[in-house]
Amino acid sequence: MADPISFALVGAGVIAPQHARAIAAHPQAKLTAIVDKDLDKARKMADEFHIPRVFGSMEEMLKEDDIQVVNITVPSGLHGSLSVAASQAGKHVLVEKPLEITSEKMTAMIDMSRKHGVKLGCIYQRRFMPTAVAVKEALRSNRLGKLVLGDVYQKYYRSPEYYKSAGWRGTWAVDGGGALMNQGVHGIDLMLWLAGDVESVFAYSAPLLRDIEVEDTAVAVVKYKNGAFGVIQGTTSVYPNQGARYELHGENGTIVFDDEGFRQWKLLDRPDEVAPEVERRVSSKIDPSQMDKDGHYILVDDMIRAIAEDRDPVVSGEEARKAVDVILAIYESGRTGREVIVGQAQASEAAPGISGGGR
Ligand SMILES: NC(=O)c1ccc[n+]([C@@H]2O[C@H](COP(=O)([O-])OP(=O)(O)OC[C@H]3O[C@@H](n4cnc5c(N)ncnc54)[C@H](O)[C@@H]3O)[C@@H](O)[C@H]2O)c1
């Protein structure tokens, strides 16, 4: 067997342990270094996960020749600069969602990874939910026929304290948005993967309850490039938490699923067919022995295979930017009250005023 791939983790915050566990569980990976500008946090994680090297800045870590992959788990608006620096140093990059928060920074990340011949992958773990994989397969084999509607509803609850738990949360400059750019980007990525690329959006977006700059609630109607319509809803101000729900309607039937499983699987030509049996979504936080079914593990594994096979990661930079481009178009539409073509939105921090009423 080949030598294990050597990973470094940059950012020792909330999501970092998920990466550390995924790398530790993989037989062809080892976690060699941890970086945080807060050295105490880096040391604490190093102790907990037995990580041999600790750094207070990424620049120092990038000098380590044996490190091959850098997992970036810092606040969203810092993904770009760190990813570009890692690519320039010849390291592959696996970055947390969202890929970045502006179009320009996403382009720079993608261009730099291509220029230096390194991989760029992004963590959108919802794509690996067993339900989502089964729906993707059904759509691939055209079970629904021509798509009519692709809707995603993400109604979450985040308390006011959540937004105070780290200074970057709820800011245009570093979070890049709220209910959509932070939480909702997962479901939007999943819906685009299933229903196809979005051409244009009309939207409302505003902080309806929370004392934050960015939206806690947004609603958009979308037109997919394949002609279907859809609704994207996201909020962090609904109590109790409703989770996410995905609805796909085609000329030959309907598939509806949520975080718990399938809610409808109804096909016109096979009315007796029931939804496929799928395993329930697993979380390594609950059962470490199930780690290989966890989304982070799957994406670490995919990065290792992408390097070995010299192919793009399944969630490449180009794939990962699509959901962010849709969100930027939603913000622009919310600000202007106009339909916005995806890919033509301005940077969100350039125009902070948003529509739909204040807090
Ligand atoms: N995939 C998921 O389900 C998921 C879940 C949570 C967070 N995330 C994403 O992960 C990223 C981090 O979120 P979090 O909740 O862990 O944030 P956090 O605030 O808990 O942690 C971020 C860490 O990065 C460190 N940091 C900041 N700037 C740095 C720099 N220049 N160099 C080194 N370290 C630096 C901070 O000190 C902090 O420890 C965000 O982009 C977020 O969207 C993804």
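The values are calculated or read from the model by the stated rules, or taken from the named source; none is laboratory data. Not measured: the values here are computed from a predicted model. Heads up, the Cβs are rebuilt from the backbone with ideal geometry, glycines too, and the neighbour counts pull from every protein chain shown.
For the reader, a short list of remarks on this structure follows.
- Conditions (1) more than 13 Å from the ligand (Cβ to nearest atom); (2) more than 19 Å from the chain's Cα centre (by Cα); number of the one not met by SER165: (1)
- Any hit, segment 16-23, residues being within 14 Å of the ligand (Cβ to nearest atom), in a loop (DSSP other than H, G, I, E, B), touching a His at 6+ places or on another chain (Cβ under 7 Å) and within 24 Å of GLU318 (Cα to Cα): no
- Unmet criterion (only one of (1) out of contact with any Gly (no Cβ under 9 Å at 6 or more places or on another chain); (2) within 27 Å of PHE55 (Cα to Cα); (3) assigned by TED's automatic domain parsing to the domain that holds PHE262) for ALA132: (2)
- Lone unmet requirement of (1) part of a helix (DSSP H, G or I); (2) within 23 Å of VAL133 (Cβ to Cβ); (3) acidic (Asp, Glu) for GLU161: (2)
- Test for GLN68: is it in contact with a helix residue (DSSP H, G or I) (Cβ under 9 Å, 6 or more places away or on another chain), polar (S, T, N, Q) and away from the ligand (no atom under 15 Å from the Cβ): yes
- From the options ASP36, ASP40, residue that is out of contact with any Asp or Glu (no Cβ under 9 Å at 6 or more places or on another chain) and either more than 9 Å from the ligand (Cβ to nearest atom) or under 19 Å from MET303 (Cα atoms) (or both): ASP40
- Considering only residues in segment 45-65 that are more than 10 Å from the ligand (Cβ to nearest atom) and surrounded by 15 or more Cβ atoms within 10 Å (Cβ to Cβ), the one that is nearest to LYS293 (Cα to Cα) turns out to be PHE49.
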